[in-house]
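Worksheet: one structure, shown below.
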Amino acid sequence: MINNTAPFIGFDIALNSSDVSKLRPYGADLTGSIMPTGSITLAECIGGVLITGASCPSLDNPSTVHLAIVGPFGFLSPPGATGLLFTAIFSIIGTTAPGGVTIGYQNGCDPGSSSNGNL
């Protein structure tokens, strides 16, 4: 989800599971996304495996759900855009104590790639 964002043409987001023996990357779904029809998938990598696109970045691994999308030619979101970008899907394959597995943003991104520099 994004909330009141600056205008953008696409996104590149990687999420990771802190424990793939309990919560394993399974997929990504654009149903309900604010990205328009005709958007181009640059990379969809699930668990480090290329699903769509040219290649998976070197930071992708068995714990990641990574999706990079750009809108069709001429697309620019309106200022203040709010809504769903995509749904990351993880498969529950084990049990753990409450609070035992987290899903977070993948570390190692270039801070210059973020509008606020905090990746």
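The values are calculated or read from the model by the stated rules, or taken from the named source; none is laboratory data. Nothing here was measured: the structure is a model prediction, and the numbers come from that model. Please note: Cβ atoms are built from the backbone with ideal geometry, for glycine as well, and neighbour counts cover all protein chains shown. To get the accessible areas, we keep the full protein, side chains included, count just its heavy atoms, and leave off ligands, DNA and RNA. Shrake-Rupley method; radii C 1.70, N 1.55, O 1.52, S 1.80 Å.
When you look at Ala81, is it out of contact with any Leu (no Cβ under 8 Å at 6 or more places or on another chain), of a type outside the set (Lys, Arg) and in contact (Cβ under 8 Å) with a residue 12 or more places away in the chain, yes or no? In short, yes.
Any chance the stretch 94-104 includes a residue that's surrounded by 12 or more Cβ atoms within 10 Å (Cβ to Cβ) and closer than 25 Å to Thr5 by Cβ? Spell out how you get there, then give the answer.
Taking the stretch 94-104 first, the residues surrounded by 12 or more Cβ atoms within 10 Å (Cβ to Cβ) are 94, 96, 100-101, 103.
Imposing the further condition that a residue be closer than 25 Å to Thr5 by Cβ reduces the set to 103.
Among the residues of the stretch 94-104, at least one is surrounded by 12 or more Cβ atoms within 10 Å (Cβ to Cβ) and closer than 25 Å to Thr5 by Cβ, which makes the answer yes.
Does Ser55 meet the test of being open to solvent by less than 20 Å² (accessible area, probe 1.4 Å), of a type in the set (S, T, N, Q) and either part of a strand (DSSP E or B) or more than 13 Å from Tyr26 (Cβ to Cβ) (or both)? Taking the combined requirement at face value, the residue does not satisfy it.
The set of residues in the stretch 5-41 being surrounded by fewer than 16 Cβ atoms within 10 Å (Cβ to Cβ), among the hydrophobic types (A, V, I, L, M, F, W, C) and part of a strand (DSSP E or B) consists of Ile40 alone.
Being surrounded by 12 or more Cβ atoms within 10 Å (Cβ to Cβ) and hydroxyl-bearing (Ser, Thr, Tyr) is the filter here, so list the residues in the stretch 58-79 that pass it.
Step one: filter the stretch 58-79 for residues surrounded by 12 or more Cβ atoms within 10 Å (Cβ to Cβ), giving 59-72, 75, 77.
Correct list: Ser63, Thr64, Ser77.
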